[in-house]
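Enquirer: The structure that follows is given in the form of structure tokens.
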Amino acid sequence: MATPLTLKTGDINAQAVEIIKSPLQAPTYGDIITVLSIDGGGIRGIIPGVILAFLESELQRLDGEDARLADYFDVISGTSTGGLVTAMLTAPNENNRPLFAAKDIKDFYLDHCPKIFPQDGVPFGSAGKLVKSLSGPKYDGKYLHKLVKEKLGDIKLHQTLTNVVIPTFDIKRLQPTIFSSYMVKNNSNPLKDACLSDICIATSAAPTYLPSYYFKTQDSNGGEREYNLVDGGVAANNPALVAISEVTKEITRGNTDLSHIKPVDYGRFLVISLGTGGAKNEEKYDAEEAAGWGVLSWLTADNSTPLINIFSEASSDLVDYHISTIFQALHHHENYLRIQDDTLKGDESSVDVATDKNLEALVQVGEKLLKKPVSRVNLETGISEPATQVTNEEALKKLAKLLSREKQLREIRSPKVNAARSK
């Protein structure tokens with residue numbers, strides 16, 4: 001059994017090692033597998049955006065201003081809005097560096113969410129929106145589609161700067177469709193090598209909010225596959241477990257980069273999972289009232305979509321509960337950090353109220369969340385409860401040191417890097 005992660009320096013003198021501007025070396029040269037996961041949640045993606053900016057700033061403080069999150073994580077996974085953030089952090093620019101720094105995410109949301117989710121385009125206010133939702137999606141998605149295609153261009157899944165895992169759901173096959181760069185790079189499923197723009201649009205296609213999305217892929221042998229996709233949050237709003245599963249599959253497959261890890265050796269994983277907030281402290285729906293609901297009410301009650309809310313909350317909490325239980329059972333609870341705020345109220349808990357006031361409020365939610373203690377979900381109450389006196393900010397600082405140490409350790413042990421140094 002692996003020992004818990006600690007800040008040891010026996011293998012490395014961090015102050016004496018020059019950070020090489022190179023991709024993260026293979027896990028086989030290190031001690032741990034590093035995973036970053038980002039939930040779905042529409043405009044609430046601003047919240048993990050703020051958290052990620054802080055984490056990246058800590059890495060830059062340790063390793064220099066050129067440090068980026070993609071340099072430190074073996075896999076980054078995201079659903080819906082989290083899938084978009086994943087692509088932003090891992091898509092390469094013309095210099096083969098991440099297209100966006102983490103600090104850019106907040107401004108991206110502030111600038112573009114009001115156009116993705118326009119608030120004044122429907123006559124008669126909320127009544128007009130209700131009528132519109134009965135005949136089609138609440139928003140046409142045109143601005144989002146154009147924006148994503150402009151930013152990501154023709155970049156394909158195999159080109160990401162680190163491994164990515166982005167869930168979607170195929171409504172024609174009635175099954176989840178996972179876009180994993182592992183599958184593409186090991187050539188087990190070349191027809192999954194779609195454009196990142198198509199994947200992002202698909203995983204963001206939340207039913208009732210944005211239209212479902214269709215596209216095709218082709219491989220070098222003339223093979224073809226069609227996709228009929230909606231939001232990955234239908235299946236995995238919290239994609240942390242999907243990411244871990246993809247790594248486990250690679251270990252089982254015999255990936256030489258993971259040959260030192262056993263399939264169930266979760267003590268060798270370091271997982272940071274970021275939620276987008278919820279409204280557990282607000283009483284949402286009453287059973288006596290809901291007992292009389294039909295299809296229309298389940299989709300439109302309280303000017304929201306109860307059915308979608310229930311699916312996404314259940315998915316996120318059960319994944320958190322499962323992973324937390326495993327890491328605690330292995331006595332490696334420090335290897336798993338879940339950051340989530342269940343105290344959102346009113347517009348803050350919505351996925352699409354993209355007013356300037358609400359977007360700025362969500363920025364404040366993210367900043368305040370950094371100061372709150374590390375919490376774990378209590379499935380009896382459904383609410384995240386403080387698990388320690390350590391704040392999320394302090395936990396992230398500690399994990400930044402671990403991530404920096406792991407990257408440096410791999411570079412010291414990597415023959416490729418050592419060969420480059422000797423030239």
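The values are calculated or read from the model by the stated rules, or taken from the named source; none is laboratory data. For clarity, every value in this text was computed on a predicted model and none was experimentally measured. Note: ideal-geometry Cβ built from the backbone for every residue, glycine included; neighbour counts use all protein chains shown. The protein model used for the area step is the full one, side chains on, heavy atoms only, and it has no ligands, DNA or RNA in it. Shrake-Rupley method; radii C 1.70, N 1.55, O 1.52, S 1.80 Å.
Enquirer: When the residues of the range 369-394 are narrowed to those that are over 20 Å from the mean Cα position of the chain (by Cα) and small (Gly, Ala, Ser), which ends up most open to solvent (accessible area, probe 1.4 Å)? Steps first, answer last, please.
Expert: Here is the first cut: in the range 369-394, the ones over 20 Å from the mean Cα position of the chain (by Cα) are 371-373, 378-383, 385-391, 394.
Still in the list and also small (Gly, Ala, Ser): 382, 387.
Values: Gly382: 14, Ala387: 48 Å².
Here the answer is Ala387.
Enquirer: Additional query: Of the residues Ile272, Ile310, Ile244, which single one is open to solvent by 60 Å² or more (accessible area, probe 1.4 Å) and either modelled with pLDDT of 90 or more or under 22 Å from Leu362 (Cα atoms) (or both)?
Expert: Values: Ile272 fails: open to solvent by 60 Å² or more (accessible area, probe 1.4 Å); Ile244 fails: open to solvent by 60 Å² or more (accessible area, probe 1.4 Å).
None of the others qualify; the one that does is Ile310.
Enquirer: OK, next. Within the range 260-298, take every residue that is touching a helix residue (DSSP H, G or I) at 6+ places or on another chain (Cβ under 6 Å) and polar (S, T, N, Q) and give me the one that is nearest to Ala329 (Cα to Cα).
Expert: Top of the filtered list is Ser273.
Enquirer: Condition first: buried (at least 19 other Cβ atoms within 10 Å of the Cβ) and part of a helix (DSSP H, G or I). Now tell me which residues in the range 191-205 satisfy that. Give the steps one after another, and end with the answer.
Expert: Residues of the range 191-205 that are buried (at least 19 other Cβ atoms within 10 Å of the Cβ), as a first pass: 192-205.
Answer for the range 191-205, where residues must be buried (at least 19 other Cβ atoms within 10 Å of the Cβ) and part of a helix (DSSP H, G or I): Lys192, Leu196, Ser197, Asp198, Ile199, Cys200, Ile201, Ala202, Thr203.
Enquirer: Just one of Lys407, Lys401, Lys397 is in a helix (DSSP H, G or I), buried (at least 19 other Cβ atoms within 10 Å of the Cβ), of a type in the set (D, E, K, R) and touching a helix residue (DSSP H, G or I) at 6+ places or on another chain (Cβ under 8 Å); which is it?
Expert: Values: Lys401 fails: buried (at least 19 other Cβ atoms within 10 Å of the Cβ); Lys397 fails: buried (at least 19 other Cβ atoms within 10 Å of the Cβ).
After applying the criteria, what remains is Lys407.
Enquirer: Scan the range 324-357 residue by residue and report those that are part of a loop (DSSP other than H, G, I, E, B), modelled with pLDDT of 90 or more and not charged (D, E, K, R).
Expert: Hits for the range 324-357 are Gln340, Leu344, Ser350, Val351, Val353, Ala354, Thr355.
Enquirer: Could you check, for the range 280-300, whether at least one of its residues is buried (at least 17 other Cβ atoms within 10 Å of the Cβ) and part of a helix (DSSP H, G or I)?
Expert: At the first step, the residues of the range 280-300 found to be buried (at least 17 other Cβ atoms within 10 Å of the Cβ) are 280, 299-300.
Now narrow it down to the ones that are part of a helix (DSSP H, G or I): 299-300.
There is at least one residue in the range 280-300 that is buried (at least 17 other Cβ atoms within 10 Å of the Cβ) and part of a helix (DSSP H, G or I).
Enquirer: Report every pair of residues separated by at least 6 positions or lying on different chains whose Cβ atoms are under 6 Å apart, first residue within the range 339-365 and more than 21 Å from Asn237 (Cβ to Cβ), second of a type in the set (Lys, Arg) and in a helix (DSSP H, G or I).
Expert: Pairs found: none.
Enquirer: Also: Give the range 247-269 a look and list any residue that's open to solvent by 80 Å² or more (accessible area, probe 1.4 Å) and farther than 18 Å from Asn163 by Cα, or say none.
Expert: Answer for the range 247-269, where residues must be open to solvent by 80 Å² or more (accessible area, probe 1.4 Å) and farther than 18 Å from Asn163 by Cα: Lys262, Val264.
Enquirer: Filter the range 211-228 for residues that are free of Cβ contacts under 8 Å to residues at least 60 places away in the same chain and part of a loop (DSSP other than H, G, I, E, B); which is nearest to Met88 (Cα to Cα)?
Expert: If we take residues in the range 211-228 being free of Cβ contacts under 8 Å to residues at least 60 places away in the same chain and part of a loop (DSSP other than H, G, I, E, B), then Ser212 is nearest to Met88 (Cα to Cα).
Enquirer: Does any residue in the range 76-98 that is within 16 Å of Ile43 (Cα to Cα) and in contact (Cβ under 8 Å) with a residue 40 or more places away in the chain come within less than 7 Å, Cβ to Cβ, of a residue that is charged (D, E, K, R) and not in a loop (DSSP other than H, G, I, E, B) six or more places away or on a different chain, and which pairs are these?
Expert: Ser80/Asp231
Enquirer: Tell me yes or no: at least one residue of the range 87-106 is out of contact with any helix residue (DSSP H, G or I) (no Cβ under 8 Å at 6 or more places or on another chain), closer than 20 Å to Gly275 by Cβ and assigned to a helix (DSSP H, G or I). Reasoning before the result, please.
Expert: Within the range 87-106, the first condition is being out of contact with any helix residue (DSSP H, G or I) (no Cβ under 8 Å at 6 or more places or on another chain), and the residues that meet it are 93-97.
The next check asks that each one be closer than 20 Å to Gly275 by Cβ; those that pass are none.
There is no residue in the range 87-106 that is out of contact with any helix residue (DSSP H, G or I) (no Cβ under 8 Å at 6 or more places or on another chain), closer than 20 Å to Gly275 by Cβ and assigned to a helix (DSSP H, G or I).
Enquirer: A further question follows. Kindly indicate the residue of the range 38-79 that is outside any loop (DSSP other than H, G, I, E, B) and basic (Lys, Arg) and also surrounded by the most Cβ atoms within 10 Å (Cβ to Cβ) among those meeting that condition. Before you say what the answer is, go through the steps one by one.
Expert: So the first thing to find is which residues in the range 38-79 are outside any loop (DSSP other than H, G, I, E, B), and the list is 38, 42-63, 69-71, 75-78.
Filter again for basic (Lys, Arg), leaving 44, 61.
On the way: Arg44: 29, Arg61: 13.
If we take residues in the range 38-79 being outside any loop (DSSP other than H, G, I, E, B) and basic (Lys, Arg), then Arg44 is surrounded by the most Cβ atoms within 10 Å (Cβ to Cβ).
Enquirer: Determine the pairs where a residue that is without any contact (Cβ under 8 Å) to a residue 60 or more places away in the chain and closer than 20 Å to Val271 by Cα, located within the range 229-252, has a partner that is among the basic types (Lys, Arg) and not in a strand (DSSP E or B) with Cβ atoms under 9 Å apart, the partner being 6 or more residues away or on another chain.
Expert: Within 9 Å, the pairs are Ile251/Lys262.
Enquirer: Here is a follow-up. Which of the residues spanning the range 134-150 are part of a loop (DSSP other than H, G, I, E, B) and surrounded by fewer than 16 Cβ atoms within 10 Å (Cβ to Cβ)? Spell out the reasoning first.
Expert: Just the residues of the range 134-150 that are part of a loop (DSSP other than H, G, I, E, B), to begin with: 136-141.
The answer is Gly136, Asp140.
Enquirer: For the condition among the β-branched types (Val, Ile, Thr) and assigned to a loop (DSSP other than H, G, I, E, B), what is the one hit in Thr208, Thr177? Before the answer, list the steps.
Expert: Working: Thr177 fails: assigned to a loop (DSSP other than H, G, I, E, B).
So the residue among Thr208, Thr177 that is among the β-branched types (Val, Ile, Thr) and assigned to a loop (DSSP other than H, G, I, E, B) is Thr208.
Enquirer: Please go through (1) open to solvent by 30 Å² or more (accessible area, probe 1.4 Å); (2) closer than 25 Å to Ser204 by Cβ for Gly277 and return the number of the only condition it doesn't satisfy.
Expert: Among (1) open to solvent by 30 Å² or more (accessible area, probe 1.4 Å); (2) closer than 25 Å to Ser204 by Cβ, Gly277 violates only (1).
Enquirer: Tell me which residues, restricted to the range 213-223, are at pLDDT 95 or above and surrounded by fewer than 20 Cβ atoms within 10 Å (Cβ to Cβ).
Expert: Start the filter on the range 213-223 by keeping residues that are at pLDDT 95 or above, which leaves 213-217.
Across the range 213-223, the qualifying residues are Tyr214, Phe215, Lys216, Thr217.
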